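The values are calculated or read from the model by the stated rules, or taken from the named source; none is laboratory data. If you're wondering where the values come from, they're calculated on a predicted model, not measured in any experiment. Backbone-built Cβ (ideal geometry, glycine too); neighbour counts: all protein chains shown. Calculation scope for accessible area: heavy atoms of the full protein, side chains included, ligands and nucleic acids excluded. Shrake-Rupley method; radii C 1.70, N 1.55, O 1.52, S 1.80 Å.
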Amino acid sequence: MLKDKIKINQLALRNRIVMPPMATGKAVQGMPDDNLISYYAERAEATALIIVEHEYVSPEGMAHNTQLSMADDTVIPAYRKLTAAVQARGAAVFAQINHAGAAAQDSGLPPVSPSGISIRDTGTESVVMTPEDIERVKECFVWAALRAKAAGFDGVEIHSAHGYLLNQFYSPLTNHRDDDYNGQQCHTPRR
């Protein structure tokens with residue numbers, strides 16, 4: 001079964017082996033270098049789909065300073081090399097985009113979150129996002145997805161786990177808002 005081909009919408013995969021995203025911490029100024037491209041190309045030999053480790057969608061959403069970026073157009077040429085290397089070995093490749101929210105560090109910018117929480121042991125409270133901030137971050141996700149497409153990725157995965165921003169919005173432990181972004185629609189049982 002693992003060696004069987006599968007088609008998911010328009011994406012044809014040569015087998016059912018997927019390499020999930022794993023943060024290597026090997027980005028150089030937010031971009032994949034030749035070593036990271038070789039890392040993914042080597043793994044593409046046996047897999048059908050590789051999901052590249054998380055890329056931040058805006059500078060304040062950077063989880064750490066060795067994380068990949070999808071925050072501006074300057075990264076597109078480096079990703080074109082990565083996607084070409086993986087696809088040349090017969091595998092599809094997805095980008096995983098995210099925003100670290102209150103878990104952000106190393107960007108030099110104040111971290112943001114739904115409710116002014118602190119995730120890291122820095123003692124630094126995050127800035128409560130305004131509705132305008134939320135709309136801006138939504139646009140950053142859209143632009144990051146468009147950059148991924150321009151760079152040759154076959155698809156995009158939106159990272160909403162591990163205590164990062166989208167996960168912070170879903171959790172009643174980290175979202176204490178009383179507006180339309182309170183996350184309650186995720187916890188209300190359907191009738």
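Listed values, structure above:
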| quantity | calculated |
| --- | --- |
| Computed accessible area, TYR181, all protein chains, 1.4 angstrom probe, square angstrom | 60 Å² |
| Between helix 76-88 and the chain: long-axis angle, C-alpha atoms, 0 to 90°, nearest 10 | 40 degrees |
| Computed over the range 132-185, the ratio Rg/Rh where both radii use C-alpha atoms and Rh is Kirkwood | 1.06 |
| HN-Hα J in Hz across the range 159-175 - Karplus 6.51, -1.76, 1.60, θ = phi - 60°, x for Gly and Pro | 7, 9, 9, 6, x, 7, 3, 4, 5, 5, 5, 6, 8, x, 6, 10, 10 |
| Accessible heavy-atom area order of ILE50, ILE6, highest first, probe of 1.4 Å | ILE6, ILE50 |
| Estimated D of the range 37-113 in µm² per second, where Rh is the Kirkwood radius over Cα pairs and Stokes-Einstein applies at 20 °C, 1.002 mPa s | 162 µm²/s |
| Förster radius 35 Å - calculated FRET efficiency between TYR181 and ASP34 (Cβ-Cβ, nearest 0.05) | 0.25 |
| In degrees, nearest ten, helix 34-43 long axis to first principal axis of the chain (Cα) | 70 degrees |
| Unit charges on C-beta of K, R, D, E only; dipole of the chain, Debye | 1060 debye |
| Accessible surface of the range 63-191 [probe 1.4 Å, protein heavy atoms]: carbon and sulfur percent | 54 percent |
| All lysines inside 19 Å of LYS26 as judged from Cα atoms, apart from same-chain residues fewer than 8 positions distant | LYS81 |
| Degrees between helix 131-150 axis and first principal axis of the chain (Cα, 0 to 90, nearest 10) | 0 degrees |
| Heavy-atom accessible area per residue - the range 86-151, 1.4 Å, Å² | 47 Å² |
| Heavy-atom accessible area order for LYS5, LYS138, LYS81, largest first, 1.4 Å probe | LYS5, LYS81, LYS138 |
| Heavy atoms of GLU125: accessible area, 1.4 Å probe, square angstrom to 10 | 110 Å² |
| For SER58, solvent-accessible area (1.4 Å; no DNA, RNA or ligand), Å² | 0 Å² |
| Residue-count net charge about MET62 - beta-carbon cut-off 10 Å; Lys, Arg +1, Asp, Glu -1 | -3 |
| Alpha-carbon Debye profile of the chain, log10 I(q)/I(0) at 0.08, 0.09, 0.14 Å⁻¹ | -0.29, -0.36, -0.81 |
| Antiparallel bridge percentage (DSSP; both residues within the chain; nearest 5) | 20 percent |
| Whole-number percent relative contact order across the range 1-158, with pairs defined as alpha carbons under 8 Å at least 6 apart | 23 percent |
| Per residue solvent-accessible surface (Å²) - the range 7-53, probe of 1.4 Å | 55 Å² |
| MRE, 222 nm, helices only [DSSP H, n ≥ 4, -39500 (n - 2.57), over the chain, to nearest 500] | -8000 deg cm²/dmol |
